[in-house]
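Down below is the structure, laid out as structure tokens.
What follows is calculated from the coordinates using simple rules that are stated; it is not laboratory data. For clarity, every value in this text was computed on a predicted model and none was experimentally measured. Methodologically, a virtual Cβ is constructed for each residue, glycine included, from the backbone with ideal geometry; neighbour enumeration extends over all protein chains shown.
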Amino acid sequence: MNEKIKIYGLIGKDIKYSFSQKFFLEKFQKESIVNTNYEIFDIPKIENVLYVFKTPYLEGCNVTIPYKTSIIPFLTKIVPEAKSIGSVNVIKIYNQCKTGFNTDVLGFESSFKKDLNNQFIKKNKKNLQALILGTGGVSKTISFVLEKLQISYKYVSRNKKKNKNFLVYEDLNQNLLEEHKIIINCTPVGTYPNVDLCPNIPYQYISSEHYFYDLVYNPNKTLFLKKAEKKGALIKNGLEMLYLQAEESWNIWKNRKYK
């Protein structure tokens with residue numbers, strides 16, 4: 001009798017380019033993990049996730065843009081860290097219970113902390129300030145990590161909000177960019193195939209004293225990072241974060257203590 005095929009997958013929108021399927025299928029092959037598959041669940045609206053959850057033998061999913069926050073009402077429970085952030089990127093399904101986790105925290109924190117040892121960042125550590133571009137689900141993860149590391153930050157959004165911690169792109173000027181040495185792009189702007197786009201910030205004020213982190217990983221070097229690098233800034237893309245959070249996803253799916 002054939003064994004059932006365990007199914008994992010990625011829930012998102014316009015995600016044919018995704019890293020996750022390639023990563024997990026290669027992992028299954030390399031580690032001789034049999035009777036297991038990883039599928040793409042590209043859905044036009046979050047309500048369609050109800051059909052995804054009916055997939056036979058579905059044991060877990062990753063969640064990506066734009067559903068990391070809107071997926072929450074469709075889950076049975078959420079672990080405390082993901083709940084406090086308000087963002088879920090991993091779902092474990094066990095006995096029809098759908099539990100939400102956030103492994104982006106581990107991925108970003110581990111990747112980002114490596115660069116905190118950089119000489120420039122070390123020198124400025126006491127008064128480090130960051131700008132978080134974007135206010136979607138993943139931006140909450142980034143702010144959670146920055147707070148943990150005692151780095152102050154402001155969000156940059158396209159729309160004006162009645163909150164002093166929120167700026168709009170038009171607010172960005174020389175003074176603000178000189179004060180905020182860390183710029184983190186949490187928007188999908190610049191993702192393949194739209195490689196000629198980048199967040200609308202005044203790059204003329206960027207210097208070798210800046211650190212640019214782009215959560216986009218495809219292309220390897222976005223226009224956002226290219227412009228910063230041209231000005232001498234330290235740059236990093238989101239690929240390392242992605243590998244780290246993906247491995248942690250697998251740990252959650254296979255660990256029986258997470259139910």
query = Out of (1) assigned to a helix (DSSP H, G or I); (2) touching a Ser or Thr at 6+ places or on another chain (Cβ under 7 Å); (3) among the polar types (S, T, N, Q), what's the single condition that is false for T135?
reply = (1)
task = Could you grab me the full set of residues in the range 215-259 that are more than 16 Å from the chain's Cα centre (by Cα) and assigned to a loop (DSSP other than H, G, I, E, B)?
result = K221, K231, G232, A233, N255, R256, K257, Y258, K259
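Do we have V88 as among the β-branched types (V, I, T), touching a strand residue (DSSP E or B) at 6+ places or on another chain (Cβ under 7 Å), under 24 Å from K148 (Cα atoms) and crowded, with 21+ Cβ neighbours inside 10 Å here?
yes
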Selected residue [closer than 20 Å to E240 by Cβ, free of Cβ contacts under 8 Å to residues at least 40 places away in the same chain and surrounded by 19 or more Cβ atoms within 10 Å (Cβ to Cβ)] from S139, S143 = S143
Subset of the range 31-54 that is among the β-branched types (V, I, T) and assigned to a loop (DSSP other than H, G, I, E, B) - its residue that is nearest to the chain's Cα centre (by Cα) = I43
inquiry  = Under 6 Å between Cβ atoms, which residue pairs at least 6 apart in sequence (or on different chains) link something in the range 210-231 that is of a type in the set (D, E) with a partner that is surrounded by fewer than 24 Cβ atoms within 10 Å (Cβ to Cβ) and part of a loop (DSSP other than H, G, I, E, B)?
reply    = D214/N237
query = With (1) hydrophobic (A, V, I, L, M, F, W, C); (2) under 22 Å from M241 (Cβ atoms); (3) in a strand (DSSP E or B) as the list, and I93 as the residue in question, which single condition is left unmet?
reply = (2)
key: The lone exception for F53 - which of (1) crowded, with 18+ Cβ neighbours inside 10 Å; (2) aromatic (F, W, Y); (3) closer than 11 Å to I91 by Cα it fails   = (1)
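Please go through the range 7-30 and give me each residue that is of a type in the set (G, A, S) and part of a helix (DSSP H, G or I), ordered by number.
Selection gives S20 alone.
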request  = Taking D115 as meeting all but one of (1) touching a residue at least 60 places away in the same chain (Cβ under 8 Å); (2) in contact with a strand residue (DSSP E or B) (Cβ under 7 Å, 6 or more places away or on another chain); (3) closer than 28 Å to Q21 by Cβ, write down the number of the exception.
outcome  = (3)
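On the given criteria, is I85 on the phi < 0 side of the Ramachandran plot and in contact with a Gly (Cβ under 6 Å, 6 or more places away or on another chain)?
no
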note = Out of (1) part of a loop (DSSP other than H, G, I, E, B); (2) under 15 Å from Y169 (Cβ atoms), the one Q204 does not meet is (1)
